Amino acid sequence: VAPVNVGGEAVKTYLGRAKFHAEVAERTEVPGVATGLAVTGIGGEVLFVEAAAMDGQKGLTLTGQLGDVMKESAQIGLSYVRSHATALGIAPGFEEKAIHVHVPAGAIPKDGPSAGVTMVTALVSLFSGRPVKSTVGMTGEVTLQGKVLPIGGVKQKLLAAHRAGLTEVILPYRNEADLDDLPQSVREAMTIHLASDVRQVLDWALEPKSVTLPQAA
């Protein structure tokens, strides 16, 4: 059988519209947005968590068709941030704000505990003013004490991260054995960090604090 060459213009004709769009860098340009990883009925996908704060009645609003377990993850994440605010470099007063956490796409139901570390990272990014690195994706359950617990779907999530162009992924330490299921080519293309505490996640995921240069005399 003679080989068939398909040029760039013909790819859309044969494969249809693109199903995945490289948007991580654009989304995470501003503080308060973190890139998580999820599993759906058709495999893994990138999942964004957006956090915002505003004046008004203090409290936590959650949107994005979140299930009960995912809502609890957001509440746990906020409680962790509140109880460790000083150590995290967050100025006092943020707890008096109205806080909104949203997980696009809003029409798709979502649930599970594995976005816990992503929730914490988005909140710390927002209140510290440090954007999340556009190269980093993460997954893991988090406790009130900041411990990172194992999750499922590691292979699917890492394949989704690779497909989205992420070069670093943060996983729970106790999921290390699941890396054996990953194709070697994918493992070699990414740096995989294994976290047992959410402080490690923040160190790997957040951009360094900006340095204020002294003004010339």
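Values in this text are rule-based calculations from the coordinates and carry no lab data. Keep in mind it's a predicted model, so treat the numbers as computed, not measured. Virtual Cβ from ideal backbone geometry, glycine too; neighbours counted across all protein chains shown.
Conditions: (1) part of a strand (DSSP E or B); (2) free of Cβ contacts under 8 Å to residues at least 60 places away in the same chain; (3) closer than 14 Å to S128 by Cβ. A53 meets all but one. Number of the miss? In the conditions (1) part of a strand (DSSP E or B); (2) free of Cβ contacts under 8 Å to residues at least 60 places away in the same chain; (3) closer than 14 Å to S128 by Cβ, A53 misses (2) alone. For region 104-156, enumerate the residues that are among the small types (G, A, S) and under 14 Å from P172 (Cβ atoms). Within region 104-156, G112, S114, A115, G116, G137, G140, G146, G152, G153 meet the criteria.
Could you please find all residues in region 85-105 being outside any strand (DSSP E or B), under 21 Å from the mean Cα position of the chain (by Cα) and not small (G, A, S)? Don't jump to the end; show me each part of the working.
First pass over region 85-105, keeping only residues outside any strand (DSSP E or B): 85-97, 103-105.
Now drop any that are not under 21 Å from the mean Cα position of the chain (by Cα), which leaves 85, 88-90, 103-105.
Once the filter is applied, which keeps residues that are outside any strand (DSSP E or B), under 21 Å from the mean Cα position of the chain (by Cα) and not small (G, A, S), region 85-105 yields L88, I90, V103, P104.
Looking only at residues in region 183-203 that are of a type in the set (G, A, S) and touching a residue at least 24 places away in the same chain (Cβ under 8 Å), the one that is surrounded by the fewest Cβ atoms within 10 Å (Cβ to Cβ) is A189.
Give region 62-84 a look and list any residue that's surrounded by fewer than 13 Cβ atoms within 10 Å (Cβ to Cβ) and either in a strand (DSSP E or B) or touching a Ser or Thr at 6+ places or on another chain (Cβ under 6 Å) (or both), or say none. Result: T63, single match. So if I check each of L126, L171, which one is within 19 Å of the chain's Cα centre (by Cα), closer than 23 Å to M70 by Cα and in a helix (DSSP H, G or I)? After applying the criteria, what remains is L126.
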